[in-house]
Structure formats: C-alpha cells, structure tokens
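Heads up: the structure comes next, in structure tokens.
The values are calculated or read from the model by the stated rules, or taken from the named source; none is laboratory data. Remember, it's a predicted structure, so these values are computed and weren't measured experimentally. Cβ placement follows ideal geometry from the backbone for every residue including glycine, while neighbour counts extend to all protein chains displayed. When the accessible area is computed, the model is the full protein with side chains, heavy atoms only, and any ligands, DNA or RNA have been set aside. Shrake-Rupley method; radii C 1.70, N 1.55, O 1.52, S 1.80 Å.
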Amino acid sequence: MPVAPTPTADPAKPIADGIVDTVWVQVFGGATFKSKHGCKCTLPHTSAELFPAGTPVLFLKVTMTGEWKPSQGNRTTQDVTGTTLKGTQFDGRPEPAVLDIADGPAAARAAGLPWLPTGLFHGQSDWTIPNNEDRSFAVAYYLPSGVDRLQLTVSVPAEGQPNVLFVTLPAAAVRVSTGSGE
C-alpha cells in the first residue's frame, strides 16, 4: 500500500521560493509520513542506523518555472538538464539531508508527481521547461530530530550557481521533528 503523506501546510502557497537567473523554483507542502523502511545508513564509527523504519519523513513538491528575459530573444523554454538536489541539508546539521529512496517514490506516485528531477524528465537527454509553465516533482527527506529548517539546494547547471532555498518547516513537521506530537 503506498504511503500517503499527511498535509501540514496550505498546498496552494509556496513555503519557499527563489530564482538565480531564468528558472524560478517554488517549494510546496511540508507534509510528513512515517517511513516503512529505514535508510540503511549509519554515522561514521557506529553500526546504529541513522534513520530506522518509523522515522518521520518530510515530503515536498518542488516546482520549476521558466522565466524569459529579453536577451533570450524568442526563446520559449529554459534548459534544466542535469538538475540535482546535491548539497541539501537541514539547518544546523553537518551531514547532507538523506532522501527516503525506499518510501519516497511511492509517496510521489500517491501524490501524482514524478520522483526527483530525473523522474520529471525520465528517458530524455535534454531537459527543458517552458517559460511561464510549472513543472513539478517530489522529494522526501528523513526528518532528523530537532530541526526546523531545510536548506534545499536546487542545482540547475545552466543557471551557473545553485539556488539555495531556506524552507521553514511547517509547525506540524517541527512538532514531529522535536518529538512533541504528530
């Protein structure tokens, strides 16, 4: 049975947004669910699993929109080939944020979204998004305890530098993170 995220924020309002040059990125959601599988990852010098089954997971919808600028002439799309989320981490945590690759894809399907940028452009070598039209994908990160903000790094190579979005977690996700309720 697919994992169905429970919404914790107004899905129509972005909880973070920004642009570097020609690709506007918005982050929606902030839903959480409990993982059915652990990450099978450990911290150095320990055998304890960092995020075991049952760990809360933060589910987000990331939307990219092409933004035309006059120097582009008649260009109607923007190049987003090779977009990654490398460098994403929770504020105050030294380690990179860990994607829930076991349960995240099912949660994305349940929400009607492709999983990660690669799912949005599955099988295509050139990734483009139309100007003034949204293209969205889902991400799901294991939620470490005690966090209240995610530094989501959306790296679009054609933009020349990463777009680092500071995503303030909705109150319900913070409660789950701090152990004060779900």
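Summary table below
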item: Positions within the range 104-118 being closer than 19 Å to Gly38 by Cβ and surrounded by fewer than 22 Cβ atoms within 10 Å (Cβ to Cβ), in sequence order; result: Pro105, Ala106, Trp115
item: For Thr81: the one exception among (1) among the polar types (S, T, N, Q); (2) closer than 26 Å to Ala158 by Cα; (3) within 18 Å of the chain's Cα centre (by Cα); (4) not in a loop (DSSP other than H, G, I, E, B); result: (4)
item: Qualifying position, being buried (at least 22 other Cβ atoms within 10 Å of the Cβ) and under 17 Å from Glu95 (Cβ atoms), among Val57, Val62; result: Val57
item: Residue in the range 84-98 that is without any contact (Cβ under 8 Å) to a residue 40 or more places away in the chain, open to solvent by 60 Å² or more (accessible area, probe 1.4 Å) and assigned to a loop (DSSP other than H, G, I, E, B) present; result: yes
item: Strands (runs of 3 or more DSSP E) enclosed by the range 130-182 - at least 2 residues per element that are in contact with a Pro (Cβ under 8 Å, 6 or more places away or on another chain) and crowded, with 16+ Cβ neighbours inside 10 Å; result: 134-142, 149-154
item: Filter result for Ile19 (of a type in the set (Val, Ile, Thr), within 21 Å of Asp134 (Cβ to Cβ) and open to solvent by 60 Å² or more (accessible area, probe 1.4 Å)); result: yes
item: Boolean, Lys40 is under 21 Å from Pro144 (Cα atoms) and in contact (Cβ under 8 Å) with a residue 40 or more places away in the chain; result: no
